1. How many residues are under 28 Å from the mean Cα position of the chain (by Cα) and either open to solvent by 50 Å² or more (accessible area, probe 1.4 Å) or of a type in the set (Asp, Glu) (or both) if we restrict to region 103-113?
2. Determine whether Tyr60 is surrounded by fewer than 23 Cβ atoms within 10 Å (Cβ to Cβ), within 19 Å of Asn142 (Cα to Cα) and hydroxyl-bearing (Ser, Thr, Tyr).
3. Is it true that some residue in region 31-38 is open to solvent by 70 Å² or more (accessible area, probe 1.4 Å), among the aliphatic types (A, V, I, L, M) and not in a helix (DSSP H, G or I)?
4. Select from region 219-267 the residues that are touching a strand residue (DSSP E or B) at 6+ places or on another chain (Cβ under 9 Å) and basic (Lys, Arg) and list them in ascending order.
5. Looking at (1) open to solvent by 40 Å² or more (accessible area, probe 1.4 Å); (2) part of a strand (DSSP E or B); (3) not small (Gly, Ala, Ser), find the lone condition where Ile262 falls short.
6. Condition check: within 22 Å of Phe17 (Cβ to Cβ), surrounded by 14 or more Cβ atoms within 10 Å (Cβ to Cβ), at pLDDT below 85 and of a type outside the set (S, T, N, Q). Does Gly132 satisfy that?
7. Using the structure shown, decide if Phe56 is assigned to a helix (DSSP H, G or I) and of a type in the set (Phe, Trp, Tyr).
8. Go through the residues of region 226-248 one by one and say whether even a single one is touching an Asp or Glu at 6+ places or on another chain (Cβ under 8 Å), assigned to a loop (DSSP other than H, G, I, E, B) and exposed (fewer than 13 other Cβ atoms within 10 Å of the Cβ).
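The values are calculated or read from the model by the stated rules, or taken from the named source; none is laboratory data. Given the structure is predicted, the values throughout are model-derived calculations rather than measurements. Note: ideal-geometry Cβ built from the backbone for every residue, glycine included; neighbour counts use all protein chains shown. We work out accessible area using only protein heavy atoms, side chains counted, and drop any ligands, DNA or RNA first. Shrake-Rupley method; radii C 1.70, N 1.55, O 1.52, S 1.80 Å.
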Amino acid sequence: MTLNHKIIMKEVEDYVFITLGLILYAFGFTFFLMPYEIVTGGVAGIAAIVEYATSFPNQYTYFLVNAALLLMALRILGWKFLVKTIYAILMLTFLLGLMKELVPRDQAGQMVKILGEGQDFMSLIIGCMMTGSALGIVFVNNGSTGGTDIIAATINKFYTMSLGTVLGFVDFIIIGSCLFIPQFGTLLERLYMVVFGLCTMVIENFMLDYIYNRQRSSVQFLIFSEKWQEIANAIGTGMDHGVTILDAHGWYTGQKRKVLCILAKKRESTDIFRLIKIIDPHAFVSQSAVIGVFGEGFDAIKVKTPGGKNIDPTKPKTPRLINQ
């Protein structure tokens, strides 16, 4: 398989999973949150608040707000990210409208509460587990649903901050705005809506971080085997993966041997174990989780150097003299 073919297949895979994530988001949001008038964060939350207060269709508000945010993000985010974001915005706008047509309605034309009356919190949990997981799927596949995701992706581009933390801060402001909208009833009713909204924020962002970090988590392998060369060749060529060969010395036997050190994504673990077992079923393998892996093929180092300049570690520092 050529490099260009691999790139094309990876892009197709991204769009397929982004689409599946968007379908899950639209379904959970429309079927479980909107019938109970549950407020959530993000631009979808803003659109829902507008619809609850004015009956203006949420898909149109969602599209208009995202269009404005995209214009501001053109200089910061790459075109590759923005193309997928534009696709996600258009697709989710369509899916939100489609799901509103599919959701059951009563004789008065109101959305039917799937879980029945009085099941607001249970519907909140189910709906937010769906929407949070959907956002995680979209982010893992290099996409975004737009809106506050654009803000989070922009910050995450330069700083090592949790996506859920950034979205949580923005969502807190959006949800808190319900306190100041008289159309939502008495102060107690508005406070009730805000509390439910904060619950949606916690559950949705927890699911987002869980899915996102689970897919991006890395592991380290130490492989001890007499067939180390065959294993290294299989992993290096078959998986197109880097392998480091370490020189080791056995304490008991006193013999020198080679040890393979591999840093990989956790999702690649099964394939690596499979190759090892095929070549040497008796190999001794150590697998450990690592906090983070930074560099080519993994995450970028997102810290600023003093003064915004790169530091040359080979250049000695000039000592600062007192009373110079």
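1. Residues in region 103-113 being under 28 Å from the mean Cα position of the chain (by Cα) and either open to solvent by 50 Å² or more (accessible area, probe 1.4 Å) or of a type in the set (Asp, Glu) (or both): 0 in total.
2. On the way: surrounded by fewer than 23 Cβ atoms within 10 Å (Cβ to Cβ): yes; within 19 Å of Asn142 (Cα to Cα): no; hydroxyl-bearing (Ser, Thr, Tyr): yes.
No.
3. Step one: filter region 31-38 for residues open to solvent by 70 Å² or more (accessible area, probe 1.4 Å), giving 37.
Now drop any that are not among the aliphatic types (A, V, I, L, M), which leaves none.
No, that holds for no residue.
4. We begin by selecting, within region 219-267, every residue touching a strand residue (DSSP E or B) at 6+ places or on another chain (Cβ under 9 Å); these are 219-226, 228-229, 231-232, 235, 239, 241-250, 255-266.
Lys256, Arg257, Lys258, Lys265, Lys266, listed by residue number.
5. Among (1) open to solvent by 40 Å² or more (accessible area, probe 1.4 Å); (2) part of a strand (DSSP E or B); (3) not small (Gly, Ala, Ser), the lone unmet condition for Ile262 is (1).
6. Details: within 22 Å of Phe17 (Cβ to Cβ): yes; surrounded by 14 or more Cβ atoms within 10 Å (Cβ to Cβ): yes; at pLDDT below 85: no; of a type outside the set (S, T, N, Q): yes.
Answer is no for this residue.
7. Working: assigned to a helix (DSSP H, G or I): no; of a type in the set (Phe, Trp, Tyr): yes.
Criteria not met by Phe56.
8. Looking only at region 226-248, we keep the residues that are touching an Asp or Glu at 6+ places or on another chain (Cβ under 8 Å), and these are 226-227, 230-231, 239, 241.
From the residues that got through so far, the ones that are assigned to a loop (DSSP other than H, G, I, E, B) too are 226-227, 239, 241.
Next, from what is left, pick out any that are exposed (fewer than 13 other Cβ atoms within 10 Å of the Cβ): 226.
Yes, there is a match, as at least one residue in region 226-248 is touching an Asp or Glu at 6+ places or on another chain (Cβ under 8 Å), assigned to a loop (DSSP other than H, G, I, E, B) and exposed (fewer than 13 other Cβ atoms within 10 Å of the Cβ).
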